[in-house]
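Input: a single structure, listed below in structure tokens.
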Amino acid sequence: MEVFLVSLLNGLVYGMLLFMLASGLTLILSMMGVLNFAHASAYMLGAYFAYTISQQIGFWPALVLAPLLCGAIGAAIEMYGLRRVHRNGHIAELLFTFGLALIIEKVVQMTWGLIPVPYRIPAGLDFPLFTVYGTHFPAYRAFMLLISALMFGAIWLGLTRTRIGLVIQAALHHPEMVGALGHNVPRVFTTVFAAGTALAGLAGVIGGNYQVTEPAMAFTMGPIVFVVVVFGGLGSLTGCFIASLLMGLIQTFAVVLDYSLADLLRWLGLTVTSATPFHEVLTVPLPRIGALLPYVLLVLILVFKPRGLMGTRDT
Amino acid sequence: MSADATQRAAQRATLVAAPGFAAFARRYWLWFAAFVAALLLPWLFFDWSTHRHSGFALTMLSEIGLMSVFALSFNMQMGQAGLLSFGHAILFGLGGYVAAHTLNAIKAGTMWLPVELVPLAGGLGGLVFGALFGYVATQQRATAFAMITMGLGELVAACALMFMAFFGGEGGISTDRVTGTSLLGVSYSSSWEVYCLVVVWTAIATMAMRLQTQTPLGRMANAARDNFERAQFVGYDPRMVRFYQFTLSGFFAGIGGGLYAIVYEIVTFDTVAASKSATALLATYIGGAGGFFGPLLGTIVVVLLQSGVSLLSNAWLLYVGVLFIVMVMYAPGGLVGIIAQHAPIARTGRLRELVVPYARILVPGVLSVFGFVLLIELASFTTIGVAQGKAFKIGFHAVDPATAFPWLLGAAALIGGGAWLRLEARGFRTRWDALIADAKAKGAML
Amino acid sequence: MATRIIARIAGVVLSACVAWAGPVMAEGTIKIAYTDPLSGPFAQVGDANLKQMQYILDYINSKGGALGKKFELVPFDNKSQPSDALIALKSATDQNMPFIMQCSGSNIAAALIEAVDKHNSRNPESRIIYVNCGAVATELTNEKCSFWHFRFDAHSAMKAEVMARALPKDVTKVYLLNQDYLFGQSVQRDVKASLAKLRPDVQVVGDELIPLGKIKDFAPYITKIKASGAQALLTGNWGPDMNLLIKAGIDAGVDLRYYTMYAHLAGGAVAIGPGGDGKVRSVQSFNENIAPEIGNKEAEAWTKEFREKYPFDFYAAGFRTIFEYLQEATAKAGAVDPVKIAFALEGLKHKDFLGYETVMRKDDHQLISEYFVGTFKKGVKYDSEKTGLGWATETTVLAKDLEQPTTCKMKRPAAQ
């Protein structure tokens, strides 16, 4: 019971962090069809900006300023880069963001150095909130949950209650029609890209001191975010939310469930010895492949339901 | 659509009745010339004083050869069939592992196969795994296909570290190409002999892939890429077209992997990693996915950047990123696209009128590139520190990055060169447009 | 058509330019090729090593180098790819460099040791010695041993023994967590073997392998570890896998002692932070507080100078031992000839700059030297990476206690 409860909490926190990162990417991918490889780079930039700003001013100003900076950079990228590349097709946009990711990583290395920077949890949040069976649950994790829940609420409200939100929703499903109706679709695109990048920056501010802030962090977070977005489905923010939580919980619970295929076979009456073919594969316990389960799920869902969990359209 | 097809059409028109070997030679002289040039190339680097080949040059050229087979096989999916794959390296790497195990079996005596045919074993490995993964991946197309290949790529790469029996874990599978089972009695202990083998196999694989583009399967793949709905009306099942194309590209990727096993005598998990797939994507895109030889050109550029420039600068990744962005924004057809744009002008015979305009933009272009590189290297040097352990040098003059002079020089070169380039570019554009209009008038477009 | 020829000629010219515009180097030096990742996600490893080695070589050269020549380091970026390391090897042998050094990545080391062996047997006129400064897979001095390979860092079985020796008497329950690849699996095996031999009273209550570099959240593992009742966590993890693991443990407030092998490398101190006071230990070949602890003023002054120049610890100061060995062996061989130097190197004894006795064992070309276990705590003379905390030596294991049996059957060339 103890293990279950603690794992549930941890899985939720990790899932919400994934959601913070993936929500921006879902918006961008659904709306513009751009597989933004530079999204995780925006996450990294958010963390680094927050580090520098919190050194100079403080953590709470950083919480507001860093995402704004990232959003501004995103807007600039969209206006001066992506817009030109858009007419060359989706692959060209993808490669543009890929090149961008390489450049951002190098610039970060040159600006802040190669070794991790000491971006720490602010003193005001660095205490255990409550204790679950002897293990602390840090207040900062609760803070992360709070911010991501607020974010989800804000995005949902923004998309459904404001005018620009409705336009964005429409463009998510039928971009050409929205343009034909006379809305300034390029400006909508820029807004969405900037907003998505700002969300990634915010995730970086929160996640950077939870993890380690170093130049390789974009490279390590990148693939799992793509898995979450595609699994959740294009055009659906709720799908993204569910997918993030699912991936977070699966990865967390896989760690505590110490079973393998051999155990399953034993339950069915078949014993696996070292002479059995594929012995290595059959005796792999779940914790060892826990981090790979998202990719297995990705392949499975794409084969059987290519639009993802709750996707409303293809690209 | 592609300049490739138009050139062939023009060729056929002119050679309609020439019989026999003469016709064959005239059509394919370029292939022969390229083959001979490839064999002669290492002699440029031959050290006449010690009578030794440059091992570095031979290995780099072998790398270019085998990576171009890999990139061409990748283009079978991307350029020919419109299937963007993020996990193509798994077919390359798995072919390599199969070839390495084959070589070890030959060495142990449990199997007999001449070393020359070991890449074929790699190819068969790539074919089998291509069929296996292709069965899953080709259920879908476009973005879903790309994501499935990404997932498969990550899975295989992670397995390569975990399972020892086939993958050898982190140390990989090492092998020895000097097995004594050669058809020609060659030992392959020297890099030169290995390089010749690589050149021959690269030529064979390239020719085979070229032929494949002209088979019904290759044509259907093109059709499915261009207009998916209409291609279905032809009657072939588009899913099977994708599947066969994927499997065949796996075969050729496996050949590349087999060559890798022979050249490096060790196959490790990085041959199936995402970074290897990314290299194929980069090479194909830079060279141009539209033309057949695009990946070949792109591989040359990418290998030189990766293994050459990285020895001089640790900012080479940034240059790759910038090159990428510049190509994506201004030359989305890649190098082949740029060359193909000149084809109509060449047909009107007025190509040499572009020499002077090119020279005029080349000078400011080189200047601004020099300024950019200088600034980046200075920044990298001062922040990351002693780059490559060498003192900072421009050409042969040592320069101190702490002074203002090199910074000002770099900034001036970049800004001045850039402004001058804009000026000259306008003139170039006018000349170019005039030539294209002339070509249009003479009917040399198509 | 003609355009394609132009393209190919351009390719030739490009490659010619690159081949000729190689690194500009001074003549008359003893060149040491050094290959490690210098770009990409693991760039900090190679970069930090490079700076430390350059500092040490400046000192060695100031003491005269060897045979009247100075040593020169020639870096090659291998981007964590064995193929690039092999290309670097080719470049090094083309220029008749006598040494190639490599510190990071057992996959690169496995490729290099075989490639060097094959190259030396096929090309006797351009032989090269492989100086291993950090690839710790045990096979390299056992099944895969080679006459041309010299390892200057304790291999994973030796480090595991140091860890077992450092475990205090009151710890009876330990948890093992390692990365799921050759190195991590061998740490797992070696630690269990060492514990069985030296501390049969210790119970291994948990044994875990994690996929390399993929886990972002270690909280569930901490939960498991706590549930098992372990008092100490023994791990060979490095990089983010180590940083995140320790952070998660400290955040959860679990009462656990962490025994690691790589927490002292660049970035570790920053990642652990003040919360790790007194909890984290690392198996190290050197830390900056050893010299003041044993009263060696000369060594202390030398390492202090490094601190003033760079923001990270001088954790690789032990590399000085490597270069001193090379210096002595070259002088003893009387010529810059890899075969002679290799014969001079094996069996060589040397007193390192801290004052401890070391030996380059002839049977398997493994350096046997002293090793330490340091604790990360406040109140030390030299702190790490400006965090206010630093490494204090807790245990010292002498060379004679670290000798391990070897299965190496070395094939030697004819002496010259």
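The values are calculated or read from the model by the stated rules, or taken from the named source; none is laboratory data. A quick note: this is a predicted structure, and the numbers were derived from the prediction, not measured. All Cβ positions, even for glycine, are placed from backbone atoms using ideal geometry, and neighbour counts span all protein chains on display.
Key figures
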| read-out | value |
| --- | --- |
| Meets criteria (outside any strand (DSSP E or B) and in contact (Cβ under 8 Å) with a residue 24 or more places away in the chain) for A:L157 | no |
| Selection count where residues are among the hydrophobic types (A, V, I, L, M, F, W, C), part of a helix (DSSP H, G or I) and at pLDDT 75 or above, scope region B:382-412 | 6 |
| Region A:281-296 residues that are assigned to a helix (DSSP H, G or I), paired with ones that are of a type in the set (F, W, Y) and surrounded by 21 or more Cβ atoms within 10 Å (Cβ to Cβ) (beta carbon under 8 Å, 6 or more apart) | A:P294/A:F231 |
| Hits in region A:58-98 (condition: surrounded by fewer than 16 Cβ atoms within 10 Å (Cβ to Cβ) and either facing chain B (nearest Cβ under 8 Å) or not in a helix (DSSP H, G or I) (or both)) | A:G58, A:R84, A:G89 |
| Where C:K377 falls short, out of the listed (1) over 30 Å from C:P274 (Cα atoms); (2) surrounded by fewer than 20 Cβ atoms within 10 Å (Cβ to Cβ) | (1) |
| Matching residues, region C:134-147, being buried (at least 24 other Cβ atoms within 10 Å of the Cβ) and in contact (Cβ under 8 Å) with a residue 60 or more places away in the chain | C:T141 |
| Looking only at region A:272-311, and only at residues there that are more than 14 Å from chain C (Cβ to nearest Cβ) and among the small types (G, A, S), the one that is surrounded by the most Cβ atoms within 10 Å (Cβ to Cβ) | A:G308 |
| Answer residue from region B:191-247, given it is surrounded by fewer than 16 Cβ atoms within 10 Å (Cβ to Cβ) and among the polar types (S, T, N, Q) and is nearest to the chain's Cα centre (by Cα) among those | B:Q214 |
| Number of the condition not met by B:P344 [criteria: (1) over 22 Å from the mean Cα position of the chain (by Cα); (2) without any contact (Cβ under 8 Å) to a residue 60 or more places away in the chain] | (2) |
| Condition check for B:T50: outside any helix (DSSP H, G or I), more than 23 Å from the chain's Cα centre (by Cα) and within 12 Å of chain C (Cβ to nearest Cβ) | yes |
| Only one of A:F189, A:F152, A:F127 that is closer than 27 Å to A:L245 by Cα and surrounded by 15 or more Cβ atoms within 10 Å (Cβ to Cβ) | A:F152 |
| Filtered residues of region B:256-287 (kept if away from chain C (no Cβ under 11 Å) and farther than 28 Å from C:H119 by Cα) | B:A274, B:S277, B:A278, B:A280, B:L281, B:L282, B:A283, B:T284, B:Y285, B:I286 |
| Extreme residue, farthest from B:W316 (Cα to Cα), among residues of region C:39-71 that are of a type in the set (F, W, Y) and either within 14 Å of chain A (Cβ to nearest Cβ) or surrounded by fewer than 18 Cβ atoms within 10 Å (Cβ to Cβ) (or both) | C:Y59 |
| Criterion violated by A:R161 - all others in (1) loosely packed, with under 14 Cβ neighbours inside 10 Å; (2) closer than 24 Å to A:A62 by Cα satisfied | (2) |
| Filter result for A:A218 (more than 14 Å from every other protein chain (Cβ to nearest Cβ) and not in a strand (DSSP E or B)) | no |
| Yes/no for A:L35 being within 30 Å of A:P175 (Cβ to Cβ) and either surrounded by fewer than 24 Cβ atoms within 10 Å (Cβ to Cβ) or not β-branched (V, I, T) (or both) | yes |
| In region C:113-130, residue farthest from the other protein chains (Cβ to nearest Cβ) [restricted to those that are in contact with a strand residue (DSSP E or B) (Cβ under 6 Å, 6 or more places away or on another chain), part of a helix (DSSP H, G or I) and among the aliphatic types (A, V, I, L, M)] | C:V116 |
| Residue satisfying condition, being within 28 Å of C:S106 (Cβ to Cβ), assigned to a helix (DSSP H, G or I), touching a Leu at 6+ places or on another chain (Cβ under 8 Å) and touching a residue at least 12 places away in the same chain (Cβ under 8 Å), within set B:L305, B:L323, B:L281 | B:L305 |
| Check on C:T235, of a type outside the set (A, V, I, L, M, F, W, C), more than 9 Å from chain A (Cβ to nearest Cβ) and under 23 Å from A:P285 (Cβ atoms) | yes |
| Qualifying positions in region A:237-271 - at pLDDT below 80, more than 13 Å from chain C (Cβ to nearest Cβ) and surrounded by 18 or more Cβ atoms within 10 Å (Cβ to Cβ) | A:A262 |
| Contacts under 9 angstrom Cβ, first residue in region B:130-146 being under 15 Å from B:D237 (Cα atoms) and more than 7 Å from chain A (Cβ to nearest Cβ), partner among the acidic types (D, E) and surrounded by fewer than 21 Cβ atoms within 10 Å (Cβ to Cβ), 6 or more apart | none |
| Residue in region B:163-175 that is surrounded by fewer than 19 Cβ atoms within 10 Å (Cβ to Cβ) and not hydrophobic (A, V, I, L, M, F, W, C) present | no |
| Single condition A:T160 does not satisfy, out of (1) within 11 Å of another protein chain (Cβ to nearest Cβ); (2) more than 28 Å from A:V3 (Cβ to Cβ); (3) not small (G, A, S) | (1) |
| Given (1) free of Cβ contacts under 8 Å to residues at least 40 places away in the same chain; (2) surrounded by fewer than 22 Cβ atoms within 10 Å (Cβ to Cβ), number of the condition C:D337 does not satisfy | (1) |
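Every residue, every condition in (1) buried (at least 20 other Cβ atoms within 10 Å of the Cβ); (2) away from chain A (no Cβ under 14 Å), yes or no:
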{"residue": "B:A289", "(1), (2)": "yes, no"}
{"residue": "B:L296", "(1), (2)": "yes, yes"}
{"residue": "B:I300", "(1), (2)": "yes, yes"}
{"residue": "B:A315", "(1), (2)": "yes, no"}
{"residue": "B:R347", "(1), (2)": "no, yes"}
{"residue": "B:L367", "(1), (2)": "no, yes"}
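Results for (1) over 24 Å from B:Q306 (Cβ atoms); (2) free of Cβ contacts under 8 Å to residues at least 24 places away in the same chain; (3) acidic (D, E); (4) outside the structural domain of B:M209 (by TED's automatic domain parsing), shown as yes or no for each residue.
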position: B:A25; (1), (2), (3), (4): yes, yes, no, yes
position: B:W48; (1), (2), (3), (4): yes, yes, no, no
position: B:T59; (1), (2), (3), (4): no, no, no, no
position: B:G65; (1), (2), (3), (4): no, no, no, no
position: B:L72; (1), (2), (3), (4): no, no, no, no
position: B:F86; (1), (2), (3), (4): no, no, no, no
position: B:I90; (1), (2), (3), (4): no, no, no, no
position: B:A99; (1), (2), (3), (4): no, no, no, no
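Rundown of residues vs (1) farther than 20 Å from C:T387 by Cβ; (2) crowded, with 24+ Cβ neighbours inside 10 Å, yes/no style:
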{"position": "C:G267", "(1), (2)": "no, yes"}
{"position": "C:I272", "(1), (2)": "no, yes"}
{"position": "C:I294", "(1), (2)": "yes, no"}
{"position": "C:K297", "(1), (2)": "yes, no"}
{"position": "C:K309", "(1), (2)": "no, no"}
{"position": "C:Y325", "(1), (2)": "yes, no"}
